[in-house]
């Protein structure tokens with residue numbers, strides 16, 4: 001056999017294998033999402049220069065007012081606040097310092113507990129979201145006034161720590177919302193439960209510890225509710241938990257679970273939405289579902305495509321056969 005022909009055949013096979021190997025690329029299964037989407041930015045608005053009793057106050061400083069808390073904050077070049085220090089005050093303060101949102105203190109007495117449930121004659125809607133309601137939903141496009149499986153929480157500040165809530169979701173047992181001051185749901189977290197009690201709503205105020213709901217007396221009243229199949233809707237007024245000494249925003253969840261009407265017992269809540277720190281009194285606050293964010297903000301190691309592996313194996317076998325044939329021809 002012509003030696004040049006043999007060399008040409010080997011060269012063509014080698015080129016083919018090299019090209020096929022290049023196609024055997026690795027593809028990351030999930031891209032890393034920039035964490036900036038999960039951040040909340042709070043901007044402090046300077047009051048400007050004001051003169052009181054002949055003394056000019058420095059800009060970017062909030063003057064003390066009766067029955068209101070004030071905050072001194074140092075403004076950096078990037079227009080962010082640092083070293084925020086909250087001065088003593090009594091009522092209605094929303095403070096920004098170190099990039100956190102502060103829950104308001106109460107200027108009204110806590111509500112008197114009364115969990116008697118009246119019939120809800122209206123349908124909960126998302127039409128006031130961003131106007132008078134702070135809204136959270138899973139999925140984010142949920143409109144509780146329409147049919148479909150979705151979960152919704154609306155909060156409207158009445159006075160200080162007193163809020164009017166609307167809660168809607170799908171469950172054969174109960175739907176609930178847990179509200180806790182701070183960056184996570186802590187012990188004895190306040191939980192508002194609307195249960196399906198044989199076709200009517202039963203409201204159960206409770207606290208959450210280690211996944212267990214225990215009934216407790218909370219400052220809740222004006223409860224209304226209705227059940228339509230597996231869809232539970234309820235509205236209620238509640239006094240939310242007081243801020244801690246180092247007050248920041250609140251974290252809340254929307255969940256569902258099982259309810260035994262015979263024993264009046266609640267199963268462990270299944271969280272469907274867990275917010276990041278949120279200013280509950282600001283209807284324009286953007287609620288981020290940290291459960292959804294955590295499921296997408298992961299980076300997987302690259303995987304090799306199966307078709308590339310199979311193609312490489314086939315070409316390797318072809319090369320061995322070709323070399324064998326050429327070896328026999330030279331003998």
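Here, each number is a calculation from the coordinates, and none is a lab measurement. Nothing here was measured: the structure is a model prediction, and the numbers come from that model. Here Cβ is always computed from backbone atoms with ideal geometry, including for glycine, and neighbour counts include all displayed protein chains.
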Here the FRET efficiency for residue 127 versus residue 221, based on Cβ atoms and R0 = 25 Å and rounded to 0.05, is 0.50
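Just need the relative contact order of the stretch 117-293 here, percent rounded to a whole number, with Cα pairs under 8 Å and 6+ apart.
Contact order relative to length: 24 percent.
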Dimensions of the stretch 117-293 along principal axes (Cα, Å, largest first)? 43, 34, 32
For residue 183 and residue 291, calculate 0.36 nm times their separation in residues minus their Cα-Cα distance, and state this gained length in nm to one decimal. 37.5 nm
